[in-house]
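Let me begin by presenting the structure, written as structure tokens, before commenting on it.
The values are calculated or read from the model by the stated rules, or taken from the named source; none is laboratory data. Owing to the predicted nature of the structure, the values given are computational and were not obtained by experimental measurement. For neighbour counting, all protein chains shown are included, and Cβ atoms are generated from backbone atoms with ideal geometry for every residue, glycine included.
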Amino acid sequence: MENNIQQLSFGEKIKNFFIHPSRVFEQYKEKPTFWLKLIVFLLVGVIMSIITTIKSRPEMEKYMTETLKKAGGGLQTADSVKQIVAISTNPVLIGVMGLITFVVVVLIASLIYFGLIKLLKGQIKFSQMLAVYTLASMPVVIGDIVKTIYMLAANKSIGSDKYHPSYMNTLTSNLDIFIIWQIVLLIIGISTVSGISKKKSTALVLILNVLSILLALVSVAFTINNMKALG
């Protein structure tokens, strides 16, 4: 256990987050804090989910109308679509489901990293891994804020690609600049806090992210095949 790490002020943490993130991660060897970052991550994620869903409502209606017609929908198609869209775009429902989803994602991702770091003989506590993961996710928060501002200013959704699934859209949505920034921070944070080498940390983070992208591509493949089967 480290006992001589210089504690940084809030301002110093923000500064070093951009220019020397390992100094911020070093703080978690003694004092792994994650609650504030987790709350910010959840709050911004939920707000973006609500706005994205509401802004993509026209695309959702069009997509569901076409899908139901291809599936043999009759005169009730329009009414059915309106009812489904009304439920699917309910802000309260979106907020609750989004909150649950984001909490589960953070906990499962942190647990997977924690377990694999232990297998690599790294010295880390679960609370430290949560601190590392939530700090590394701050670029995603920044990205969500930027995307939300854009949607409000342009009055359009940036999440309607899911109604026109493609492999390229999946790759770009899973490898934007903010996610790449998150990956870099995870590599630095895991190595700094757990003590494993940068090479092992890099391999661990990249392998898990590649697997995540492959799963997303498989999901898109099933969706595209189902759409072809319908029409």
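Applying the criterion of being farther than 24 Å from V220 by Cα and touching a residue at least 12 places away in the same chain (Cβ under 8 Å) to the residues of the stretch 167-190, the residue that is surrounded by the fewest Cβ atoms within 10 Å (Cβ to Cβ) is W181.
Of the residues making up the stretch 191-204, just one is surrounded by 13 or more Cβ atoms within 10 Å (Cβ to Cβ), without any contact (Cβ under 8 Å) to a residue 60 or more places away in the chain and either more than 18 Å from P139 (Cβ to Cβ) or under 16 Å from the mean Cα position of the chain (by Cα) (or both), namely A203. On the given criteria, is K55 out of contact with any helix residue (DSSP H, G or I) (no Cβ under 8 Å at 6 or more places or on another chain) and surrounded by 13 or more Cβ atoms within 10 Å (Cβ to Cβ)? No, not satisfied. Once the stretch 117-134 is narrowed to residues that are out of contact with any helix residue (DSSP H, G or I) (no Cβ under 6 Å at 6 or more places or on another chain) and in a helix (DSSP H, G or I), the residue that is nearest to Y28 (Cα to Cα) is S127.
Selection over the stretch 131-148 of residues that are without any contact (Cβ under 8 Å) to a residue 60 or more places away in the chain and closer than 16 Å to S49 by Cα gives a count of 3. Of all the criteria given as (1) surrounded by 15 or more Cβ atoms within 10 Å (Cβ to Cβ); (2) out of contact with any helix residue (DSSP H, G or I) (no Cβ under 9 Å at 6 or more places or on another chain), the one not satisfied by V218 is (1).
Restricting to the stretch 126-169, give me the number of residues that are at pLDDT 95 or above and among the aromatic types (F, W, Y). Total satisfying the criteria: 2. Every test in (1) modelled with pLDDT under 75; (2) surrounded by 14 or more Cβ atoms within 10 Å (Cβ to Cβ) is passed by V40 save one, and that test is (1).
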